[in-house]
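What follows is a single structure, written as C-alpha coordinates, with notes after it.
The values are calculated or read from the model by the stated rules, or taken from the named source; none is laboratory data. These numbers were taken from a predicted model, which means no experiment stands behind them. Cβ: placed from backbone, ideal geometry, glycine included. Neighbour counts: every protein chain shown.
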Amino acid sequence: MRPRLVTVFAGVVAAAVAGCSSKSSGGTTPPVPLSPSATVTATATPSSSTTPTATPSPSASPSAVAAAPCRSTHLRLSISSGQGAAGSSYQPIVFTNTGSKPCSLYGYPGVSFVDSSGHQLGLPASHSGGSKQLVTLAGHGGTASALLQEPDPGVFSPANCKQTTASQVKVYPPNQTGALFAADPVVICTTKKGRTSVRTVVVGASGE
(Lines give C-alpha, C1' and ligand atoms only; values in the text may rest on other atoms or scores of the structure.)
Protein backbone atom coordinates (compact mmCIF):
# COMPACT_ATOMS: atom_id res chain seq x y z
CA MET A 1 0.00 0.00 0.00
CA ARG A 2 2.85 2.47 0.69
CA PRO A 3 4.11 2.68 -2.89
CA ARG A 4 0.72 3.86 -4.11
CA LEU A 5 0.63 6.79 -1.61
CA VAL A 6 4.04 7.92 -2.69
CA THR A 7 2.95 7.94 -6.30
CA VAL A 8 -0.18 9.97 -5.59
CA PHE A 9 1.76 12.51 -3.55
CA ALA A 10 4.34 12.88 -6.26
CA GLY A 11 1.60 13.54 -8.80
CA VAL A 12 0.04 16.25 -6.64
CA VAL A 13 3.38 17.94 -6.17
CA ALA A 14 4.07 17.83 -9.89
CA ALA A 15 0.66 19.35 -10.67
CA ALA A 16 1.18 22.13 -8.14
CA VAL A 17 4.59 22.95 -9.55
CA ALA A 18 3.18 23.04 -13.08
CA GLY A 19 0.38 25.35 -12.00
CA CYS A 20 2.74 27.78 -10.34
CA SER A 21 4.95 27.75 -13.39
CA SER A 22 1.95 28.49 -15.63
CA LYS A 23 0.80 31.43 -13.49
CA SER A 24 4.28 32.88 -13.32
CA SER A 25 4.87 32.85 -17.05
CA GLY A 26 1.33 33.85 -18.09
CA GLY A 27 0.80 36.75 -15.59
CA THR A 28 3.98 38.76 -16.27
CA THR A 29 3.48 41.90 -18.52
CA PRO A 30 6.53 42.83 -20.62
CA PRO A 31 7.71 46.52 -20.37
CA VAL A 32 6.26 48.85 -23.05
CA PRO A 33 8.98 50.74 -24.96
CA LEU A 34 8.65 54.58 -25.28
CA SER A 35 7.21 55.42 -28.67
CA PRO A 36 9.35 57.63 -30.96
CA SER A 37 6.52 60.13 -31.39
CA ALA A 38 6.36 60.81 -27.66
CA THR A 39 10.06 61.51 -27.56
CA VAL A 40 9.86 64.10 -30.43
CA THR A 41 6.93 65.89 -28.85
CA ALA A 42 8.69 66.31 -25.55
CA THR A 43 11.82 67.61 -27.18
CA ALA A 44 9.93 70.18 -29.30
CA THR A 45 7.93 71.63 -26.41
CA PRO A 46 9.51 74.98 -25.38
CA SER A 47 10.52 75.51 -21.81
CA SER A 48 8.32 77.74 -19.64
CA SER A 49 11.36 79.96 -19.12
CA THR A 50 11.65 80.80 -22.83
CA THR A 51 11.52 84.59 -23.37
CA PRO A 52 9.42 85.74 -26.37
CA THR A 53 11.08 87.90 -28.99
CA ALA A 54 10.48 91.61 -28.32
CA THR A 55 8.43 93.59 -30.85
CA PRO A 56 9.97 96.96 -31.84
CA SER A 57 8.16 99.93 -30.34
CA PRO A 58 6.35 102.25 -32.79
CA SER A 59 8.37 105.15 -31.37
CA ALA A 60 11.54 103.60 -32.81
CA SER A 61 10.33 103.89 -36.39
CA PRO A 62 12.15 106.40 -38.62
CA SER A 63 8.90 108.32 -39.29
CA ALA A 64 8.63 109.20 -35.61
CA VAL A 65 12.05 110.88 -35.52
CA ALA A 66 11.95 114.69 -35.81
CA ALA A 67 13.81 116.42 -38.64
CA ALA A 68 17.19 117.90 -37.78
CA PRO A 69 17.29 121.62 -36.87
CA CYS A 70 17.54 123.98 -39.84
CA ARG A 71 21.01 125.46 -40.19
CA SER A 72 21.43 129.06 -41.22
CA THR A 73 23.46 127.95 -44.25
CA HIS A 74 20.41 126.03 -45.56
CA LEU A 75 17.91 128.85 -45.11
CA ARG A 76 16.98 131.90 -47.16
CA LEU A 77 15.49 134.95 -45.43
CA SER A 78 12.85 137.26 -46.87
CA ILE A 79 10.41 139.87 -45.58
CA SER A 80 6.82 139.68 -46.81
CA SER A 81 4.52 142.66 -47.29
CA GLY A 82 3.06 143.76 -43.98
CA GLN A 83 -0.13 145.41 -42.80
CA GLY A 84 -0.82 148.11 -40.24
CA ALA A 85 -3.09 147.95 -37.22
CA ALA A 86 -3.43 149.92 -33.95
CA GLY A 87 -0.30 152.04 -34.28
CA SER A 88 1.96 149.23 -35.52
CA SER A 89 2.85 147.44 -38.72
CA TYR A 90 3.23 143.68 -38.96
CA GLN A 91 5.64 141.95 -41.32
CA PRO A 92 6.22 138.19 -41.66
CA ILE A 93 9.85 137.13 -41.52
CA VAL A 94 10.00 134.11 -43.84
CA PHE A 95 12.50 131.26 -43.73
CA THR A 96 12.80 129.08 -46.84
CA ASN A 97 14.61 125.74 -46.79
CA THR A 98 17.17 125.63 -49.59
CA GLY A 99 18.47 122.20 -48.59
CA SER A 100 17.43 118.86 -50.05
CA LYS A 101 16.26 117.38 -46.74
CA PRO A 102 13.49 118.45 -44.34
CA CYS A 103 14.61 120.46 -41.32
CA SER A 104 12.89 121.97 -38.30
CA LEU A 105 12.62 125.26 -36.41
CA TYR A 106 11.42 125.78 -32.86
CA GLY A 107 10.92 128.95 -30.85
CA TYR A 108 11.74 132.61 -31.45
CA PRO A 109 14.19 134.04 -33.96
CA GLY A 110 16.61 136.76 -32.90
CA VAL A 111 15.78 139.97 -34.78
CA SER A 112 17.40 143.39 -34.98
CA PHE A 113 17.74 146.22 -37.49
CA VAL A 114 21.07 147.40 -38.87
CA ASP A 115 22.34 150.28 -41.01
CA SER A 116 24.16 149.97 -44.33
CA SER A 117 27.40 149.23 -42.46
CA GLY A 118 25.86 146.41 -40.46
CA HIS A 119 25.73 148.31 -37.16
CA GLN A 120 22.75 147.49 -34.94
CA LEU A 121 20.14 150.21 -34.49
CA GLY A 122 18.38 150.30 -31.14
CA LEU A 123 17.38 147.22 -29.17
CA PRO A 124 16.79 143.75 -30.62
CA ALA A 125 13.16 142.69 -30.91
CA SER A 126 11.53 141.34 -27.78
CA HIS A 127 9.66 138.00 -27.75
CA SER A 128 5.92 138.45 -27.79
CA GLY A 129 3.03 135.98 -28.06
CA GLY A 130 2.55 132.66 -29.78
CA SER A 131 2.97 129.11 -28.51
CA LYS A 132 6.23 127.38 -29.29
CA GLN A 133 5.82 124.52 -31.74
CA LEU A 134 8.17 122.35 -33.73
CA VAL A 135 7.82 123.38 -37.37
CA THR A 136 9.14 121.12 -40.14
CA LEU A 137 10.21 122.67 -43.44
CA ALA A 138 10.13 120.34 -46.44
CA GLY A 139 13.28 120.08 -48.54
CA HIS A 140 13.67 122.33 -51.60
CA GLY A 141 11.36 125.21 -50.66
CA GLY A 142 9.53 124.45 -47.41
CA THR A 143 8.70 127.62 -45.45
CA ALA A 144 8.19 128.83 -41.89
CA SER A 145 7.72 132.36 -40.60
CA ALA A 146 7.53 134.64 -37.58
CA LEU A 147 5.48 137.84 -37.33
CA LEU A 148 7.46 141.02 -36.61
CA GLN A 149 5.64 143.94 -34.98
CA GLU A 150 7.09 147.38 -35.66
CA PRO A 151 5.57 150.26 -33.65
CA ASP A 152 4.69 153.37 -35.70
CA PRO A 153 7.23 156.10 -34.83
CA GLY A 154 4.47 158.66 -35.31
CA VAL A 155 2.67 157.65 -32.12
CA PHE A 156 5.68 158.56 -29.95
CA SER A 157 7.25 161.85 -29.06
CA PRO A 158 10.68 162.43 -30.64
CA ALA A 159 12.37 161.79 -27.28
CA ASN A 160 10.49 158.52 -26.75
CA CYS A 161 11.24 157.24 -30.23
CA LYS A 162 14.53 158.61 -31.49
CA GLN A 163 13.70 157.39 -34.94
CA THR A 164 16.11 156.38 -37.64
CA THR A 165 16.00 154.54 -40.96
CA ALA A 166 17.26 150.99 -41.08
CA SER A 167 18.85 149.42 -44.14
CA GLN A 168 18.47 145.73 -43.36
CA VAL A 169 16.94 143.33 -40.89
CA LYS A 170 19.33 140.89 -39.25
CA VAL A 171 17.85 137.57 -38.15
CA TYR A 172 19.19 134.57 -36.28
CA PRO A 173 17.06 131.46 -36.92
CA PRO A 174 15.96 129.77 -33.66
CA ASN A 175 18.87 128.02 -31.93
CA GLN A 176 21.40 129.08 -34.57
CA THR A 177 24.43 131.37 -34.32
CA GLY A 178 24.69 132.29 -38.00
CA ALA A 179 22.82 135.46 -38.96
CA LEU A 180 20.76 136.02 -42.12
CA PHE A 181 20.10 139.41 -43.71
CA ALA A 182 17.32 140.87 -45.84
CA ALA A 183 16.85 144.38 -47.22
CA ASP A 184 14.24 146.30 -45.21
CA PRO A 185 14.51 150.08 -45.48
CA VAL A 186 12.09 151.08 -42.76
CA VAL A 187 11.82 153.90 -40.22
CA ILE A 188 12.06 152.54 -36.68
CA CYS A 189 12.34 153.75 -33.10
CA THR A 190 15.57 153.04 -31.27
CA THR A 191 14.22 153.40 -27.72
CA LYS A 192 12.82 150.83 -25.31
CA LYS A 193 9.32 152.31 -25.61
CA GLY A 194 9.39 151.98 -29.38
CA ARG A 195 11.01 148.54 -29.38
CA THR A 196 9.95 145.98 -32.00
CA SER A 197 8.74 142.52 -31.04
CA VAL A 198 8.58 139.13 -32.75
CA ARG A 199 6.36 136.10 -32.33
CA THR A 200 7.36 132.44 -32.36
CA VAL A 201 7.96 130.56 -35.61
CA VAL A 202 4.93 128.96 -37.26
CA VAL A 203 4.39 126.88 -40.40
CA GLY A 204 3.91 128.68 -43.73
CA ALA A 205 4.73 132.22 -44.83
CA SER A 206 1.99 134.27 -43.18
CA GLY A 207 3.53 134.50 -39.72
CA GLU A 208 0.23 133.41 -38.13
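Y90 - would you say it is out of contact with any Ser or Thr (no Cβ under 7 Å at 6 or more places or on another chain) and either touching a residue at least 40 places away in the same chain (Cβ under 8 Å) or surrounded by 13 or more Cβ atoms within 10 Å (Cβ to Cβ) (or both)? Criteria met by Y90.
Residues that are within 33 Å of the chain's Cα centre (by Cα) and not in a loop (DSSP other than H, G, I, E, B) were ranked within region 183-208; the one that is nearest to L137 (Cα to Cα) is V203. Provide a single number: the residues in region 91-143 that are touching a Lys or Arg at 6+ places or on another chain (Cβ under 8 Å) and among the aliphatic types (A, V, I, L, M). Adding up the residues that qualify gives 4. Quick check: anything in region 98-110 at pLDDT below 95 and surrounded by 15 or more Cβ atoms within 10 Å (Cβ to Cβ)? No, region 98-110 has no match at all. One residue stands out in region 166-182 among those that are in a loop (DSSP other than H, G, I, E, B) and polar (S, T, N, Q): the one that is surrounded by the fewest Cβ atoms within 10 Å (Cβ to Cβ), namely T177. Taking E150, is it part of a strand (DSSP E or B) and charged (D, E, K, R)? The answer is yes for E150.
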